[in-house]
1. Does Gln124 fit the bill of being over 17 Å from Leu246 (Cα atoms), in a strand (DSSP E or B) and either without any contact (Cβ under 8 Å) to a residue 60 or more places away in the chain or more than 21 Å from the chain's Cα centre (by Cα) (or both)?
2. Could you look through the stretch 58-79, keep only residues that are in contact (Cβ under 8 Å) with a residue 40 or more places away in the chain and among the β-branched types (Val, Ile, Thr), and pick out the one that is most open to solvent (accessible area, probe 1.4 Å)?
3. Considering only residues of the stretch 258-268 that are open to solvent by 20 Å² or more (accessible area, probe 1.4 Å) and touching a residue at least 24 places away in the same chain (Cβ under 8 Å), which is nearest to Gln137 (Cα to Cα)?
4. Select from the stretch 272-294 the residues that are open to solvent by 30 Å² or more (accessible area, probe 1.4 Å), within 16 Å of the chain's Cα centre (by Cα) and not basic (Lys, Arg) and list them in ascending order.
5. Can you name the residue in the stretch 103-121 that is hydroxyl-bearing (Ser, Thr, Tyr) and under 17 Å from Lys26 (Cα atoms) and is also farthest from the chain's Cα centre (by Cα) among such residues?
6. Would you please name the residue that is farthest from Ala178 (Cα to Cα), looking only at residues in the stretch 213-246 that are among the polar types (S, T, N, Q) and open to solvent by less than 10 Å² (accessible area, probe 1.4 Å)?
7. Would you mind stating whether Ser192 is touching a Ser or Thr at 6+ places or on another chain (Cβ under 7 Å), more than 20 Å from Ile274 (Cβ to Cβ) and modelled with pLDDT of 95 or more?
Amino acid sequence: MLHLQGPQMLQMLEKSLRKSLPESLKVYGTVFHINQGNPFKLKTLVDKWPDFNAVVIRPEEQDMTDDLDHYTNTYQIYYKDPKACQEFLGISKVINWKQHLQIQSSQSSLNEVIKNLAATKSFQVKQTQRILYMSTQTAKKLVPSLLEAKNLSSESVRPKAINEEIFKHSSLDVTHAALVDKFWYFGGNRRSQRFIERCIQTFPNFCLLGPEGTPVSWALMDQSGEIRMGATLPKYRAQGLASYVLNSQIQATKKLGFPTYYHTDRANKIVQKISDTMNFVTMPCDWNQWKCVPL
């Protein structure tokens, strides 16, 4: 096990992961943010260097003090060799299997590795799989072959204008975390709300305020650079607000040079329609999350 530190090693890793996109997307996005100042204070582990077989991004041990907080106890994983990856993930200093935790990866094949570890490390595991999207600007910059293969234009489609007398541009603050948590599929508890508060304080976000002066539509970013936790209040849906907020978030992250991507449930036809309308690129790999609970 090697803890990668210093800009030279981490920039080398970012370049290496870029060659493996889109399968490395969740880890690539996280390493990209680490190289922009590491605002979430994450550590990067590899099994060996520079010819690594597995990469694990995780919080520092001192930040993982709540054994039940799987939002904080999140690991981003990319691997090249499944056997080497399984051996690496079995090391206690790499992953603390005695905690409630979650693993995220753009590689569905990691499921077999995790199932094998569940049998030896004694934990229950639940996999969630979603559709993964990337903005055309990010695809053009990082994986142009995807646009060519699908015969897609690299130009994004701007959403319809909104009534700016009714809806005001703004950003979320921590007092809005409970509202965001209420509409987040993975939320609904004090630990998820605490995680949302941290994301609001740490990363760029965008929202629209309604006539009452409170958020009616919003989008956030997590530690992997993914746009997440977006929602629109039911009363204001079907007015193009979600597309407007998403486009505003995309433009803001584009100026910062961040890769832009997100996921949605296969049953969420509304977000899928928005993604198609805005010319987002469907990735050939999935968004995967494994929630692991020790027995």
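1. So Gln124 passes the test.
2. Looking only at the stretch 58-79, we keep the residues that are in contact (Cβ under 8 Å) with a residue 40 or more places away in the chain, and these are 66, 68-72, 74, 76-78.
Now drop any that are not among the β-branched types (Val, Ile, Thr), which leaves 72, 74, 77.
Values: Thr72: 30, Thr74: 7, Ile77: 2 Å².
Top of the filtered list is Thr72.
3. By that ranking, first place goes to Phe258.
4. Thr282, Asp286
5. Applying the filter and picking the extreme gives Ser109.
6. Ser224
7. So Ser192 does not fit the description; no.
Yes/no matrix, rows are residues, columns are (1) closer than 25 Å to Pro39 by Cβ; (2) touching a helix residue (DSSP H, G or I) at 6+ places or on another chain (Cβ under 7 Å); (3) surrounded by fewer than 19 Cβ atoms within 10 Å (Cβ to Cβ):
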| residue | (1), (2), (3) |
| --- | --- |
| Gln104 | yes, yes, no |
| Ile114 | no, no, no |
| Thr120 | no, no, yes |
| Lys150 | no, no, yes |
| Lys160 | no, no, yes |
| Glu165 | no, no, yes |
| Asp173 | yes, yes, yes |
| Pro204 | yes, yes, yes |
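The values are calculated or read from the model by the stated rules, or taken from the named source; none is laboratory data. As the structure is a computational prediction, the values presented were derived from the model and not from experiment. Glycine also receives a Cβ, built like all others from the backbone with ideal geometry; neighbour counts cover every protein chain displayed. Side chains are part of the model used for accessible areas, which takes the heavy atoms of the whole protein and leaves out ligands, DNA and RNA. Shrake-Rupley method; radii C 1.70, N 1.55, O 1.52, S 1.80 Å.
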